[in-house]
1. For B:VAL276, A:VAL200, which order do you get if you count the other beta carbons within 10 Å of each Cβ and list the fewest first?
2. Count the net charge of all other residues whose Cβ sits under 12 Å from the Cβ of B:THR259, scoring Lys and Arg as +1 and Asp and Glu as -1.
3. Please work out the ratio of the alpha-carbon Rg of the protein assembly as shown to 2.2 N^0.38 Å and round it to two decimals.
4. Between A:GLU370 and B:SER172, take the C-beta separation as r, use R0 = 60 Å, and let me know the FRET efficiency to the nearest 0.05.
5. Determine, from the Cβ-Cβ distance of B:ASP54 and B:ALA419 and an R0 of 35 Å, the FRET efficiency 1/(1 + (r/R0)^6), rounded to the nearest 0.05.
6. In whole Å, how far is the Cα centre of the stretch A:322-339 from that of the stretch A:29-105?
7. In peptide B:210-221, what is the residue-averaged number of other protein chain Cβ atoms found within 10 Å of each Cβ?
8. Trypsin sites (Lys or Arg not before Pro), restricted to the stretch A:90-134: which are DSSP loop and have at most 10 other Cβ atoms within 10 Å?
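Computed from the coordinates by the stated procedures, all read-outs in this text should not be read as laboratory data. All of these numbers come straight from a predicted model, not from anything done at the bench. Cβ coordinates were reconstructed from backbone atoms using ideal geometry, including for glycine residues, and neighbour counts include every protein chain displayed.
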Amino acid sequence: MESVIQVMVVGIVGFPALAVLALGLRAWVYHPWSERTTVAIVGFGFSASVTVCAITVAWLLHADVSEVRVPLGSWFSAGHYSFDWNLIADRLSIPFATFSAVLLGLVASFSRRYLHREPGFARFYLLLAIFGTAVQFVVLAGSLDLVFLGWELVGVTSALLIAFFHERRGPVEHGLRAFVTYRLCDVGLLAAGVALHFMVGTSDVGPSTGGPWAGFVVPSTWAGASIVGLLILWASIGKAAQLPFSGWLPRAMEGPTPSSAVFYGALSIHLGPYLLLRSESILQASWLAAGAVIAVGALTALHATFVGRTQSDIKSALAYASMTQVGLIYVEIGLGFRYLAVAHIVGHAAIRTLQILRSPSLLHDHHHLEQAMGRQLPRTGGHLERLVPQAFQPWLYRVALERGGFDAVLKDWAVAPALRFLSRIDGWDQAWVDYLTKPSAAGERRSRHDEVRP
Amino acid sequence: MTIAFATVQLLLLLPMSWFAGRSNSSRTARHRASYAMLAAGVLAATQLVWRAFDLPGASWSAAWLSMEDPHSWVPAFSLITCLIGFAAIALSPISETRPTTFRRILLLVLVALLFLVIRHPIGLAVLWGASALITWLELRDLKQQRGIAKVFAIYHLPSAVAFALGAILLLSGQHAAGVVLVLVGIGIREAVLPLHSWFPPFVQHAPMGLVVAFFAPQLGVYAHLELLRDALPHELAHGVAAVGAVTAVVAAALGLAQTNGRRALAFLIMSQTGLVAFGLDTSSPIAQIGALLTWQVIGVATAGFAMTLASLQARRGSLSLTSPAGSFTRTPRMAVAFLFMGFASVGLPLTIGFVAEDLLVQGSVDEFPVLAFALILATALNGVSVMRAFFMLFSGSSKHIGESDLTKREAGTLTLVMAVLLLAGLFPAGTVRRLEHVTGEPGHAVAHAPPRAQE
């Protein structure tokens, strides 16, 4: 029976991947499927994924087995290094995989009407299917190498969906900003994988050591565990929009509402915490890495809760609310409350997806509620006004309105000077070429100058 | 047998290049050159099959011509060179490519094919100089940007002379001086920092088909493999690897500051070349395999990427990266091909580029932990460059000038290139295994040096 379950686990990734193939090939030959067929293909991919997830869960519970490993062989190998396809279905990955497939299926169904006759209808579904496949890769990955593979694809699809309305400049700029953040943080993930290979010879998920789920093999020294732990934290904060790389998230809401919901309310934003949960063995071995996780989470939660209260549009407010909750989940993971973190992720993802999907009809919902209550909705958030001293409130409001100044600092003190410096070097290079190509130009200028001189 | 196939390719491409150059119009020249390249590709594929199935005469030797038998991997690399050549010709816009240019592109591909077969240092030096001369002649004929020919000559004359002198010195037993001179020649050709200044204006102003035919086959990498592998002293090898890594990072960073699409492409290629230079001079066989794969990926993916850019420029004119230009709605397939091949060249998962860069980084971390980290950073920055170019060239505006999407010819060629990158990425095990044999084969007999100290 275990071999059947292994095939099922492959199906969790395989069905969305088949949908990608069906949509992608057809779109390339300029004959995209009709809207109905497109939705049916993607819907089938995710529904089948949910079904095999459910069968796997049932079997795991019935057979009282904590994990199923699926070794699919080596993708490529050279010398002592081998990139293996290893999937793992356990108490951490299977709930996530099931939950992801359910949400993706729901969003696919919701988008059928929401994006009806939208010019990019087929593109949206293709990107959604690629995203779904990539998320399942990350969740079921049995090694950090395989995590990286899915992680990269999530980043690309995320940026492309933020820039979905590609004829406007804003979404494109915001998509690029999100992508830059992702790429810089992906450096941490690849470096962590390389460091694990260097220190322990493998980046595979190791054998279970008594915890609720297995984690990556821990380097033997504290310093090694700290380096790998910090690199993984670095990788996670990009996708999870934690400080100091949080500025892209409110901007990412420029994409279509369904993709905002499934990416930044539910799945993409929680891949950071998921990676930390999978790496918990490493965090436990290094108080420095665990402490850094707590610090990043706590600071982000504080920052986001204040900034979120000054936002004047619902999607930005929801983005900061997501950031706050993910910050709290980081704190829980750093403190070792694994089950609480898992429950928090699932609960938060579900409610936030619903909120973002409902956000376009917010005014209608408010009217409906007010009519039902017979009066205006009561103001919320007053407890913070009581906690913060009155003299301090205007300053805090201003800081929150400027999003803590993080964007300005990043732009004015890091990005702009770096680009200026690079442009200057490039300018010198071009001047050298000009000097080589037009040695007479300087001479000509000089002779002209001589001519006009009295 | 390899020599026999190369001779047939020579007998095919040489008259065809003349025939293409005599055409009345660029369109006819492209047509003729495409068929010639296709035939050369079929010959390369036949050679591959011949060798794979060990058909009669497969082991026939022509040592008198080549000094030694060509390497076992030459047929595969010949086929890739033909693919690069085909992309360079079939995707060349007629607006910037004259019949004479097609003739020179064919000649450059022919030189690259012969370069893989000839193992005699003097023969390599002659071909090295010939490819530079052919390219310079084309640049000299350009009506605009005449200065580019001058810059090219300033850099490539010393490169050819250094390479030829180095080859002579290596043959005469003056190994130290020979190695240094050959390295200088290769460094200029591969646009390694600080010998790179000719390259960005070359990519920016020369016909793109010529750029691809001259640069994508990466003769410098082959020359390095043939003449210098296992010949560099330990310290020098480390120095060259460090220069390669610095080139990879600095070029990737400079690519972000570019305001012109073709110039950004130049820095992207330079960065990738830096990765190859780094990998070849590590002592790890895994990193060397990664470098060889990166070499091939640069060739194929960058050829497709560059030619897509040229096709876009032929339709639009300007390739400014300062403000978004739109037109995704008008040219969706061109945009997808551009993005796919850009990402494939910088290591998009499931393409062969990902395999190459993974092996490169994993193999080099033991020997160069800091530089391996720098390579990861370079790859990340290159990815940003590709996405930035995609967004700026294909989106951000609803305006358009009526650009048309890929023609059947362009779509067919790009489909072929993308399929190669994707299929090679999905099933890379065989390729990697064969490259293990390459790194396992002993270095050339010309240059000997004391064996490197084991780490």
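1. A:VAL200, B:VAL276
2. Result for the local shell: +2.
3. 0.98
4. Efficiency at R0 = 60 Å is approximately 0.05.
5. Calculated transfer efficiency: 0.80.
6. Comparing the Cα centres of the stretch A:322-339 and the stretch A:29-105, I get a distance of 26 Å.
7. Average per residue, whole number: 0.
8. Counting only loop positions with at most 10 other Cβ atoms within 10 Å, the trypsin sites (Lys or Arg not before Pro) in the stretch A:90-134 are A:ARG117.
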